[in-house]
Amino acid sequence: MTTIALTAHAAPDRTFRMPVIYVALSAMLALAIAASLMIGLKAYSPLQIWTAFSRPDASEAAIVITNLRLPRALMAPLVGAALGMAGVVVQTLARNRIASPDTLGLNAGASLAVVLASFALGVTSLPGLSLAAALGALAAGLLVFGIAAGAGGLSPVKIVLVGVTIAGLGHAFVEVILTTREAVFEQLLFWLAGAVVDRPISLVANGIPFVAAGAVLAAILAPALDALQADDTTAAGVGVPLGLVRAGAFVAISLLTGAAVAMAGPVSFVGLVVPHAARHLAGLRHRRQLIVAALVGAIYVTLADIAARFVIYPSEAPVGAITAVVGGIVLLALLKRRAA
Amino acid sequence: MGDLTKTSVHIDKLSLSYDQTTVIDALSLPIEEGKITVLAGPNGCGKSTLLRAIRRLHRPQAGRLLIDDIDIARIGHKALARQIGLLAQSPSAPEDMTVEDLVRLGRYPHQSMLQPWNALDGEAIARAMDGTGVSHLRHRRIGSLSGGQLQRVWIAMVLAQETGIVCLDEPVNHLDMAHQIECLKLVAHLNALYGRTIILVLHDLNLAARHADTLVFMKEGRMVARGAPGVLMNEETIADVFGISARVITDPVHQRPLCIPVY
């Protein structure tokens, strides 16, 4: 069984370090969210932000801040937190540290569902597409789980193989539909890249309960996931019901990824890269890892969303493009370190 | 740890199979509590499968396994894991996992949502690491350990589980001679000090004879012979079970049988 070799021998004692890390990351997240409210096509001062919330008026500043900036300043961290936690669970489930929610075909399922809803059913409203995305992600999750479980035992290798296959098929169908139907909806293309701009705050409100449910489930499964990092015999030997825990992990991943994709579309690479940062800061215990992954993911997507406002200024880039480019570079650096 | 009660295992007409192939055929075998039982036999004789079945990781085709007269099929996952520990043949975990985090896994069956990690769990892993001499390595990543150190860490993980029965599947494979001795001394020590029932699968007949209270010879899914090594290990039985001709002499140091293959 291959595992990742790290050069450092001793890990730091984290008992006293973790609270410091939680506080520092929370402070960074608060700053990132404040920056997300302030920085953009137009910059606003902290005072203007404060006024817009405490005494909202009809001024341009108040309208931009509450209607445009606030939804994305809340959606970006929620999406990032969900994908960060989903990534942690996926990588343990797959016993593979380059797995991500994409590996299980969830984003492909969401994309396909959105494209189908739009072309076949004529759905154009954002809430409609959002619902299609969530259902598509859940359907893909169920399909991968069903095939992998049906093929005789949910082994990590089987999960990854089936997931990658379903993901490839989903993306292929999306390509086919988009190229055969020449009318390409700009909204759809932008959606398919993952974005948090121009989303109503109601989408955030809809997403919160699903993210919360996924997070609670992941936290409950955390001790079992700790044991699942070892081989199956060892995990079962200490009393982990393997099938039940893997099914629960699938549900948690589907809830978290489904909610994220419903809000922002497929924001790639977050679920792949964030768990690496989380393990670096929190070690391999899942309760700690999940908290840190949620915070780091939230910070990452919030900062990426701010960057998205400037890279092709004055136009907006999809946040998924930013997370993919940065994530790709980080992944290459990780692979290089592993090879060294 | 003095509250570990001795636990007996009864194997009752047990049949095990992979797909359609029968691996163990209607085997009945009592395993004495507080003793070291060694399962030995040629490759494919079903000893590892039997060990997995004792830990309920292999569903029996027929027959029963009883622990203290209770059918293990009726025991919950965590409850069973508080009674039997198993060290797999080649266990694995991420190389960047720390020794302490690995040993902690042994406490999984003692925790629940109503009973989260507490001081008792901390004491149990401290005892397990002390007992195996790995306390000073607790913050090391397991990928940085030597083979012998790593094996002791895995044994510590099984010890932290605090089970009355400990199963070890070829625990000295891949270890050099010094580490083999160290590992088996540790196992014997656990048995002597805490009275744990130990079930071992061993390949090396001489190590088996040296450490077993009861030796069980298996061949083609059946038990060929069972008894004290001094009685059991003779030239005819070895020829029958392993298909080799060997001389058996008495080890002049420990007065245990010593098998010398003749070829």
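The values are calculated or read from the model by the stated rules, or taken from the named source; none is laboratory data. None of the values given here were measured: they were computed from a predicted structure. Here Cβ is always computed from backbone atoms with ideal geometry, including for glycine, and neighbour counts include all displayed protein chains. Note: accessible area is taken over every heavy atom of the protein model, side chains too, but ligands, DNA and RNA are not part of it. Shrake-Rupley method; radii C 1.70, N 1.55, O 1.52, S 1.80 Å.
Brief remarks follow.
- All positions within the range B:77-96 that are open to solvent by less than 40 Å² (accessible area, probe 1.4 Å) and of a type in the set (Gly, Ala, Ser): B:Ala79, B:Ala81, B:Gly85, B:Ala88, B:Ser92, B:Ala93
- Taking the range B:217-261 as the range and being of a type in the set (Val, Ile, Thr) and farther than 23 Å from B:Gly44 by Cα as the test, the residues that pass are B:Val231, B:Val248, B:Ile249, B:Thr250, B:Val253.
- Hey, A:Gly239 assigned to a loop (DSSP other than H, G, I, E, B), within 14 Å of chain B (Cβ to nearest Cβ) and either surrounded by 17 or more Cβ atoms within 10 Å (Cβ to Cβ) or under 19 Å from the mean Cα position of the chain (by Cα) (or both) or not: yes
- A:Ile291 vs. criteria open to solvent by 10 Å² or more (accessible area, probe 1.4 Å) and facing chain B (nearest Cβ under 10 Å): no
- Single residue of B:Ile31, B:Ile54 found to be open to solvent by less than 50 Å² (accessible area, probe 1.4 Å), within 14 Å of another protein chain (Cβ to nearest Cβ), touching a residue at least 12 places away in the same chain (Cβ under 8 Å) and among the hydrophobic types (A, V, I, L, M, F, W, C): B:Ile54
- Flag for A:Pro71 being open to solvent by less than 20 Å² (accessible area, probe 1.4 Å) and more than 22 Å from A:Ala213 (Cβ to Cβ): no
- Search result, residues across the range A:225-235 that are in a helix (DSSP H, G or I) and either more than 7 Å from chain B (Cβ to nearest Cβ) or crowded, with 23+ Cβ neighbours inside 10 Å (or both): A:Leu225, A:Asp226, A:Ala227, A:Leu228, A:Asp232, A:Thr234, A:Ala235
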